[in-house]
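> This is the structure, below, for whatever I ask next.
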Amino acid sequence: MEPAPPQDERLFRTEALATLRLAVPLVIGQATNVAMVFVDTVFAGRLSAPDLAAVAIGGTVWSTINLLVLGTLLAVPAFVANYDGAGERHRITAFVRQAAWVALAMSLCSFVALRHFEPVLALLGIEPEVVPLAGDYLRAISWGAPFYAAFFLFRFLSEGLGLTRPAMYFGILGLLLNIPADYVLMYGKLGLPALGAEGCGYATALVLAAQCALLGWFIATARPYRFLRLFSGIDRPDPAAIREILTTGLPIGFAVFIESSLFLCATLLMGSLGTVEVAGHQVALNFAALMFMIPLGVTFAITIRVGNAAGRRDWAEVRFRGLSGMKLILGTQAVSAMIMFLFPAAIASIYTANIAVQDVAIQLLFYAAIFQFSDGAQVAAAGALRGIKDTRIPLLLMVVAYWIVGIPLSYYLGIKLGGRGAGIWIGLIVGLTIAAGALLWRFLYLTAPERAAALSGTGTR
């Protein structure tokens, strides 16, 4: 008979299982979001290299702009989990109705920005044949911006309550709808014109509208949400409540935006090197993003677990849950790195038959494998910090890691020194590694036993 595992190991296993119960549906839901991008990439890759480059650049711009919206709304699960843990569920409905005003305002800003971004692409030196295609894509997908914001507001409400399966169900539904929508609109089926990259944008907007409507209906009718009576009325904007949401959420939004801008700048730098380079970059980046959905889903679960403990003012449990989640994510990242190291050619061949594009992708997948650990560690630490509503200092740390170090280093190594794709991706690795170390230090500093008493479950740093 084997001896019983040590107490610390047993506690970690218990916490890991609790986190995974929340995380698995989230991982699947997040994976379907990236799988939609995968489908878009495969359909575009079968058209032409310019169409693939347009979807790559346009999709990165869409994601970066809307990640400011998404990041700000990431305050929602932290607040809801805090209220739930503190036994104050009666406050959730009023909070979410105020968050809806924030989501609406930000999505309208996103809509306008997307429709006027094409001149920026030209100024950034993107190849002339790609710019109008990417502009068409952005104008088409802009119609999905309000639905995107509303869908994630509903989703984060559900997740804050510990109800994570809807993210999986409606993510799968979106993926299933996206495949025929891409096929019909991009290739011109059922009597419709072939719209190419533009059709891809319209397909995504239609899918987002469907997901938003169906998830809203689910929350309005499903039994676990009935206590909310979310749609029984409309609250007027409350400046004080909106200010509290923005005080916590905007730093998260800017932090997520800054992280995404690291990859956006890398894509734009690759675009200046040529169509083949940016297409190969998109293949490697899309696969890395697909694998990233595992730690990202676990991170959402970490925020919920940490936020719930913070609502009860149990700071020892806050530290334990955060560090356990980080340990769990490092294990998932080891698997991701191994896959990229061992099977780069097979991965590249899934996306495109173009040998030149495959060669670029294979090279960059090696660097993607290297940054799996840094990327996982930084997102896990950021998720734990969101659970205690610590958002301002993490934002500053990310500015230093990504804008002061990562992006300039990518430009210097890739463009100035002629390192091309390899140099650009080395800059990504360095930026992510600095961010991981800084955010981990921040979480350990705030949750140290001698400082835990100073933490506030409702404050923002």
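The values are calculated or read from the model by the stated rules, or taken from the named source; none is laboratory data. Remember, predicted model here, so these are calculated numbers, not experimental data. Counting neighbours? That spans all protein chains shown, and the Cβs are built from the backbone with ideal geometry, glycine included. When the accessible area is computed, the model is the full protein with side chains, heavy atoms only, and any ligands, DNA or RNA have been set aside. Shrake-Rupley method; radii C 1.70, N 1.55, O 1.52, S 1.80 Å.
> So what's the convex hull volume per residue for the Cα atoms of the range 29-70, in Å³?
Spelled out: Cα convex hull of the range 29-70, divided by residues, is 47 Å³.
> While we're on this one: Report, largest value first, the span of the C-alpha coordinates of the range 124-173 along each principal axis, in whole Å.
Ordered largest first, the range 124-173 gives principal extents of 48, 20, 19 Å.
> Also, quick follow-up: Please compute the per residue accessible area over the range 339-461 with all protein chains in place, 1.4 Å probe, rounded to a whole number of Å².
40
> What is the projected area of the convex hull of the Cα atoms of the range 334-414, averaged over all directions, in nm²?
6.8
> Once both axes come from the Cα atoms, what is the angle between helix 165-187 and the longest principal axis of the chain, in degrees from 0 to 90, rounded to 10?
10
> Over all directions, average the projected area of the Cα convex hull of the range 288-378 and note it in nm².
Computing the convex hull of the Cα atoms and averaging its projections yields 5.8 nm².
> Find me the longest stretch of the chain that has none of the exposed GluC sites (Glu not before Pro), where exposed means in a DSSP loop (not H, G, I, E or B) with at most 14 other Cβ atoms within 10 Å.
Here the longest segment lacking exposed loop sites spans 130-461.
> Once amide H atoms are built 1.01 Å from N in the peptide plane, which residues 5 or more positions from Leu74, or in another chain, come under 5 Å H to H?
Answer set, sorted by chain and number: none.
> Oh, and also: Cα to Cα, under 30 Å, and not fewer than 8 places away if on the same chain: which lysines meet these conditions relative to Lys389?
Straight-line reach from Lys389, under 30 Å: Lys327.
> Tabulate in residue order the Karplus-calculated ³J(HN,Hα) for the range 317-327, using 6.51 cos²θ - 1.76 cosθ + 1.60 with θ = phi - 60°, rounded to whole Hz; enter x for Gly and Pro.
Rounded to whole hertz, the list is 5, 4, 5, 5, 5, x, 5, 5, x, 5, 4.
> Ok, one more. Ignoring everything except DSSP H segments at least 4 long, calculate the 222 nm mean residue ellipticity for the chain; use -39,500 (n - 2.57) per segment, divide by total residues, nearest 500.
-26500 deg cm²/dmol
> Same structure, new question: So how far, in whole Å, is the C-alpha centre of the range 173-252 from the one of the range 269-330?
Each part reduced to its Cα centre gives a spacing of 22 Å.
> Taking only the C-alpha atoms, wrap a convex hull around the chain and report its volume per residue in Å³ as a whole number.
Dividing the Cα hull volume of the chain by its residues yields 153 Å³.
> Now for a separate question. Any idea which of Leu264, Ala288, Gln98 is furthest toward the positive side of the dipole for the chain, if Lys and Arg beta-carbons carry +1 and Asp and Glu beta-carbons -1?
Gln98
> Given a 1.4 Å probe, how much area per residue of the range 1-143 is accessible, in Å²?
That works out to 41 Å² per residue.
> Using only C-alpha positions, report the orientation-averaged shadow area of the convex hull of the range 1-121, nm², one decimal.
In nm², the orientation-averaged hull projection of the range 1-121 is 13.1.
> Follow-up question, since we're still on this one. Summarise the accessible area of the chain (1.4 Å probe, protein heavy atoms) by the percent that is carbon and sulfur.
It is 69 percent, rounded to a whole number.
> Another question about this same structure. Write out the trypsin sites (Lys or Arg not before Pro) in the range 225-313 meeting two conditions: DSSP loop, and at most 13 other Cβ atoms within 10 Å of their Cβ.
Of the trypsin sites (Lys or Arg not before Pro), the ones in loops of the range 225-313 whose Cβ has at most 13 other Cβ atoms within 10 Å are Arg226, Arg229.
> Taking a temperature of 37 °C and a viscosity of 0.692 mPa s, what whole-number D in µm²/s does Stokes-Einstein yield for the range 58-168 with Rh from Kirkwood over alpha carbon pairs?
So the translational diffusion coefficient is about 215 µm²/s.
> Which ³J(HN,Hα) values, rounded to whole Hz and listed in residue order, are derived for the range 406-420 from phi using the Karplus coefficients 6.51, -1.76 and 1.60 in 6.51 cos²θ - 1.76 cosθ + 1.60 with θ = phi - 60°, glycine and proline given as x?
Values, residue by residue: x, 5, x, 5, 4, 5, 5, 6, x, 9, 5, 8, x, x, 6 Hz.
> Moving to a separate point now. Quick one: putting +1 on the C-beta of Lys and Arg, -1 on the C-beta of Asp and Glu, what dipole do you get for the chain around its Cα centre, in Debye to the nearest 20?
Around 1320 debye, computed over the chain.
> Give the angle, between 0 and 90 degrees and rounded to the nearest 10, that separates the Cα long axis of helix 92-115 from the longest principal axis of the Cα atoms of the chain.
Roughly 20 degrees, rounded to the nearest 10.
> Taking the Cα centroid of the range 12-34 and of the range 128-158, what is the distance between the two, rounded to the nearest whole Å?
Using only Cα atoms to place each centre, the spacing works out to 26 Å.
> Let me ask you something else. Compare the Cα positions of Ala384, Pro224, Leu440 along the charge dipole of the chain (+1 at Cβ of Lys, Arg; -1 at Cβ of Asp, Glu; about the Cα centre) and return the one farthest towards the positive end.
Going by the charge dipole, the pick is Pro224.
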